[in-house]
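Written out below as structure tokens is the structure these notes cover.
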Protein chains: 2
Amino acid sequence: MINQEYLNMLSNKNIIRILSEYATGRGKEIGYENVFDFSLGNPSVPAPQSFTDTSIRLLQTKSPMTLHGYSPTLGIPEVKEKVAASLNRRFDMKYTGNHIFPTSGAAGAIAHAIRAVTKPGDEVLVFAPYFPEYNPYINGSGAKIKVVPADFENFQINFDAAEEALTENVAAVLINSPNNPSGILYGEDTLEKLAALLTKKSEQFGHNVFLISDEPYREIVFDGKEAPYVAKYYPHTLTCYSFSKSLSVPGERIGYVAVNPVCEHAEELVPMMGQISRGIGHNCPSSLIMLAMAETCDDTADLSVYETNMNLLYDTFKELGFTVVRPGGTFYIMPKALEEDSVEFCKKALKYDIVFVPADNFGAPGYFRVAYCLDTDKVRRSLPRIREFVRKEYPNAGH
Amino acid sequence: MINQEYLNMLSNKNIIRILSEYATGRGKEIGYENVFDFSLGNPSVPAPQSFTDTSIRLLQTKSPMTLHGYSPTLGIPEVKEKVAASLNRRFDMKYTGNHIFPTSGAAGAIAHAIRAVTKPGDEVLVFAPYFPEYNPYINGSGAKIKVVPADFENFQINFDAAEEALTENVAAVLINSPNNPSGILYGEDTLEKLAALLTKKSEQFGHNVFLISDEPYREIVFDGKEAPYVAKYYPHTLTCYSFSKSLSVPGERIGYVAVNPVCEHAEELVPMMGQISRGIGHNCPSSLIMLAMAETCDDTADLSVYETNMNLLYDTFKELGFTVVRPGGTFYIMPKALEEDSVEFCKKALKYDIVFVPADNFGAPGYFRVAYCLDTDKVRRSLPRIREFVRKEYPNAGH
């Protein structure tokens, strides 16, 4: 008899995927260039040439047995050392290769980090709005998700609610800045307050609460700013990173967990993640991809398009009277829908071939997510359509 | 507080790894060419040129956004279709792309297959001798391993013991032919008897017992034979494959589960494995590697070296009076040690810089595994050393 739990999961379709599939289908009818598909967070810029060139060079010059041979269980040492050196240089940290665990993107990183610092039944605290795939990562580990309601003013952390939710059963807190779906960047003050709260509660409980920091958008920050490096604010931090966005290689499934050297059990956590990988039969990411990443981990694709797109959309949403917080990074923006039911709102947008995603299951009911990882020309072409949609469907809105 | 279970796993060191690390260390002292390291099953032949050329061509000609973009949750359709077509052509099967789930090697395939067809508490039956990594794959799913003792005559299946062990709590049976560690190939008669037993028990229990067939050595078969294709013998079969050996790319972590189209729930099992992947944050293998594999999945590295090595070692072991069954495939052979304690036997071999692995935790106490994935020159050079070791340490053995 097959596993009923996984069978039942099949009926819980991911709304992002449903809308993305709708957009693809509609594209076949009217031409995909005529569908303004803001559903999927799939990077829209090519990988840097250095990644392509490095991959080709490795294939042309390295012995196939070295290049494609088994990696050690905890990853290729030279890859881990290069990642550590890059983080140390950029963020003034003290990682060694032993603190770096290569993973299948940020998804793999988060799933491993949760398993390492929780036991079944523990709670993992997340702050709305949050990426809904956190549910399967946390549920899959046997821990339970506990959601702190959003601060709808600015989508920083709602600290009153956080303090109340941070009970003794919470083993780890999972944050994501710059944030999917809101685009918000946590400022230094937010991180300092969070660290103070975690330190206070850890002392109170007599054990450390771990901080899992999901940072795939770390390199997509606007207005010339840089994202504060979360692990600098709180010692017991596991940094979960993906090169999907910075190198624009989401299909290659490459990322890492970086265990803060001053974290409790810093030396055991990476070997423990190796054991976790054994049990799920994953082992390492592709050796070729690991080696290509190690040589290009300081490079990025041309990420400037996202800021251009953000400004175009933010200005248009403001002009049309939307309640919307200006993103500090990512390629998302999350305005409030013009009626209470954001699903209805998004359905009406579909009539204009505009595909937005209701943010209800991101913990932001009544809001919708706009993924603007499209070329700027298409974003420009979408603006009159968005105006038409809003003016026709919501003639009484504040525009 | 970190997860104690994974922490405790750190002290259960893998004996293969320990011996392999010993060999590497000893190699630094006396030159690795002077250490006869038969510990690790790491392929010793380069990937076929077609794999390298295809990878380079994809990088040079495909749009980086297509090549490195997110794969659909269940894998890239054209990759799945090519794998299905290859299996259909070679083994007269009727797979479609929908029956193929790309995985991180056979390890990922087995871990997903077990989760799909068992629930926590169910038993998974394995036949000694067996690959000890089955323990973490099965334990990690919440199911329990149940080991059927070996038939030491020929290392085919001990059917009397199998019939006794195959109780109602057994949800799946996991086999591995050609076999690691014994090198034995299950013949048609073994597979027919196994299918009959599974069919009888399934009827008796009122539910189907699934067969998980671990086949990474399917292409390494000796004496001009071919491995019988297991899924042809029993409908409810999930075939777990890895290209690690056939394409000699173990570091690339690429394989698949193929769900027999006549299997119960054949259409749901692949989507369920997609859900399992979500929970462990794995998603798909590397998109570049999937696409390169799809175009080269009918090719193999030059695998003939393994048969040459096997014959050299088999003849030497026979000459020296060992009890040993001649392998039908793989790059392993598993003779009986010349004293009851195989660990002591392997320790004595180390004095001669010969690294064998005790097979006790493969379910074959008193035996030892010899992984002959070395170049043939080194195997030839090892033979006088093996003779010296045996004649000096076991002067009364039957040589």
- Message: For region B:145-194, which positions are among the aromatic types (Phe, Trp, Tyr), surrounded by fewer than 21 Cβ atoms within 10 Å (Cβ to Cβ) and closer than 28 Å to residue B:40 by Cβ?
- Response: B:152
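Among what's in region A:291-309 and is over 20 Å from the mean Cα position of the chain (by Cα) and closer than 26 Å to residue A:64 by Cα, pick the residue that is surrounded by the fewest Cβ atoms within 10 Å (Cβ to Cβ). It would help to see each step written out before you state the result.
The first filter runs over region A:291-309 and keeps only residues over 20 Å from the mean Cα position of the chain (by Cα), leaving A:291-292, A:294-296, A:308.
Right, trim to closer than 26 Å to residue A:64 by Cα and you get A:291-292, A:294-296.
Working: A:291: 22, A:292: 30, A:294: 21, A:295: 18, A:296: 23.
Checking each candidate, the answer is A:295.
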- Residue that is nearest to residue A:192 (Cα to Cα), among those in region A:132-162 that are away from chain B (no Cβ under 14 Å) and among the small types (Gly, Ala, Ser): A:162
- When you go through (1) surrounded by 16 or more Cβ atoms within 10 Å (Cβ to Cβ); (2) without any contact (Cβ under 8 Å) to a residue 40 or more places away in the chain; (3) within 26 Å of residue A:108 (Cβ to Cβ); (4) within 29 Å of the chain's Cα centre (by Cα) one by one for residue B:65, which number turns out not to apply? (4)
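Yes/no matrix, rows are residues, columns are (1) basic (Lys, Arg); (2) assigned to a helix (DSSP H, G or I); (3) more than 18 Å from residue B:255 (Cβ to Cβ):
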site	(1), (2), (3)
B:269	no, yes, no
B:274	no, yes, no
B:277	no, yes, no
B:289	no, yes, no
B:293	no, yes, no
B:310	no, yes, yes
B:314	no, yes, yes
B:318	yes, yes, yes
B:323	no, no, yes
- Task: Being touching a residue at least 60 places away in the same chain (Cβ under 8 Å) and facing chain B (nearest Cβ under 7 Å) narrows it down to one of A:100, A:110, so name that one.
- Result: A:110
- Task: For residues that are assigned to a loop (DSSP other than H, G, I, E, B), under 28 Å from residue A:261 (Cβ atoms), touching a helix residue (DSSP H, G or I) at 6+ places or on another chain (Cβ under 8 Å) and within 14 Å of another protein chain (Cβ to nearest Cβ), tally how many sit in region A:49-93.
- Result: 6
- Inter-residue pairs, beta-carbon under 6 Å, first more than 7 Å from every other protein chain (Cβ to nearest Cβ) and on the phi < 0 side of the Ramachandran plot and in region B:1-16, second modelled with pLDDT of 85 or more and surrounded by 15 or more Cβ atoms within 10 Å (Cβ to Cβ), 6+ apart: B:16/B:39; B:16/B:357
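Would you mind stating whether residue B:392 is among the basic types (Lys, Arg), under 30 Å from residue B:243 (Cα atoms) and outside any strand (DSSP E or B)? It would help to see each step written out before you state the result.
Values: among the basic types (Lys, Arg): yes; under 30 Å from residue B:243 (Cα atoms): no; outside any strand (DSSP E or B): yes.
Taking the combined requirement at face value, the residue does not satisfy it.
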- Here is a list of conditions, (1) closer than 30 Å to residue A:55 by Cα; (2) within 26 Å of the chain's Cα centre (by Cα), and residue B:57 meets all of them except one; can you say which number that is? (2)
- Item | Residue under evaluation residue B:346, criteria (1) within 18 Å of residue B:16 (Cβ to Cβ); (2) of a type outside the set (Phe, Trp, Tyr); (3) surrounded by fewer than 17 Cβ atoms within 10 Å (Cβ to Cβ), criterion not met | (3)
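Only one of B:326, B:387 is over 30 Å from residue B:89 (Cβ atoms), surrounded by fewer than 19 Cβ atoms within 10 Å (Cβ to Cβ) and touching a Gly at 6+ places or on another chain (Cβ under 9 Å); which? Talk me through it step by step, then tell me what you get.
Numbers: B:387 fails: touching a Gly at 6+ places or on another chain (Cβ under 9 Å).
None of the other options fit; the residue is B:326.
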- Query: Considering only region A:303-325, how many residues are without any contact (Cβ under 8 Å) to a residue 40 or more places away in the chain and of a type in the set (D, E, K, R)?
  - Reply: 2
- Item | Meets criteria (more than 14 Å from chain B (Cβ to nearest Cβ), within 19 Å of the chain's Cα centre (by Cα), charged (D, E, K, R) and closer than 28 Å to residue A:186 by Cβ) for residue A:315 | no
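In the list A:343, A:355, which residue meets the criterion of being more than 16 Å from residue A:320 (Cα to Cα) and without any contact (Cβ under 8 Å) to a residue 40 or more places away in the chain? Break it down into steps so the answer makes sense when it comes.
Values: A:355 fails: without any contact (Cβ under 8 Å) to a residue 40 or more places away in the chain.
Of the residues listed, the single one that is more than 16 Å from residue A:320 (Cα to Cα) and without any contact (Cβ under 8 Å) to a residue 40 or more places away in the chain is A:343.
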- What residue, of B:255, B:251, is within 8 Å of another protein chain (Cβ to nearest Cβ) and within 19 Å of the chain's Cα centre (by Cα)? B:251
- Task: Among the residues of region A:132-150, write down those that are modelled with pLDDT of 95 or more and of a type in the set (D, E, K, R).
- Result: A:144, A:146
- Query: Do any residues in region B:146-169 that are on the phi > 0 side of the Ramachandran plot have Cβ atoms under 9 Å from those of residues that are surrounded by 15 or more Cβ atoms within 10 Å (Cβ to Cβ) and part of a helix (DSSP H, G or I), where the two are at least six apart or on different chains, and which pairs are they?
  - Reply: none
- What about residue B:23, is it more than 29 Å from residue A:245 (Cβ to Cβ), modelled with pLDDT under 95, surrounded by 15 or more Cβ atoms within 10 Å (Cβ to Cβ) and more than 14 Å from chain A (Cβ to nearest Cβ)? yes
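Say we look at region A:239-268 and pick out the residues that are touching a Pro at 6+ places or on another chain (Cβ under 7 Å) and β-branched (Val, Ile, Thr); which of these is nearest to residue A:332 (Cα to Cα)? First the steps, then the outcome.
Initially, region A:239-268 is screened for residues touching a Pro at 6+ places or on another chain (Cβ under 7 Å), giving A:241-242, A:244-245, A:247-248, A:250, A:253-254, A:256, A:260, A:262-263.
If we keep only those that are β-branched (Val, Ile, Thr) too, we end up with A:254, A:262.
Working: A:254: 22, A:262: 33 Å.
Across region A:239-268, the extreme among qualifying residues is A:254.
What is the residue count in region B:235-264 for residues that are assigned to a loop (DSSP other than H, G, I, E, B) and either in contact with a helix residue (DSSP H, G or I) (Cβ under 8 Å, 6 or more places away or on another chain) or of a type in the set (D, E, K, R) (or both)?
Pass one, region B:235-264, residues assigned to a loop (DSSP other than H, G, I, E, B): B:235-236, B:243-249, B:253-254, B:260-264.
If we keep only those that are either in contact with a helix residue (DSSP H, G or I) (Cβ under 8 Å, 6 or more places away or on another chain) or of a type in the set (D, E, K, R) (or both) as well, we get B:236, B:243-245, B:247-249, B:253-254, B:260-261, B:263-264.
Number satisfying all stated conditions: 13.
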- Query: For region A:61-97, how many residues are touching a Ser or Thr at 6+ places or on another chain (Cβ under 8 Å) and polar (S, T, N, Q)?
  - Reply: 2
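Residue-by-condition table, conditions (1) within 24 Å of residue B:130 (Cβ to Cβ); (2) in contact with a Lys or Arg (Cβ under 7 Å, 6 or more places away or on another chain); (3) acidic (Asp, Glu); (4) in contact (Cβ under 8 Å) with a residue 24 or more places away in the chain:
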{"residue": "B:213", "(1), (2), (3), (4)": "yes, no, no, yes"}
{"residue": "B:234", "(1), (2), (3), (4)": "yes, no, no, yes"}
{"residue": "B:252", "(1), (2), (3), (4)": "no, no, yes, yes"}
{"residue": "B:276", "(1), (2), (3), (4)": "yes, yes, no, yes"}
{"residue": "B:286", "(1), (2), (3), (4)": "no, yes, no, yes"}
- Got a number for residues in region B:1-46 being under 30 Å from residue A:204 (Cα atoms) and basic (Lys, Arg)? 0
- Within region A:94-134, the count of residues that are polar (S, T, N, Q), crowded, with 23+ Cβ neighbours inside 10 Å and in a loop (DSSP other than H, G, I, E, B) comes to 2
- Query: For residue B:33, all conditions in the list (1) within 11 Å of chain A (Cβ to nearest Cβ); (2) in contact (Cβ under 8 Å) with a residue 24 or more places away in the chain hold save one; what is the number of the exception?
  - Reply: (1)
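The values are calculated or read from the model by the stated rules, or taken from the named source; none is laboratory data. All figures in this text were calculated on a predicted structure; none of them were measured in a lab. Note that each Cβ is placed from the backbone with ideal geometry, even for glycine, and that neighbours are counted across all protein chains shown.
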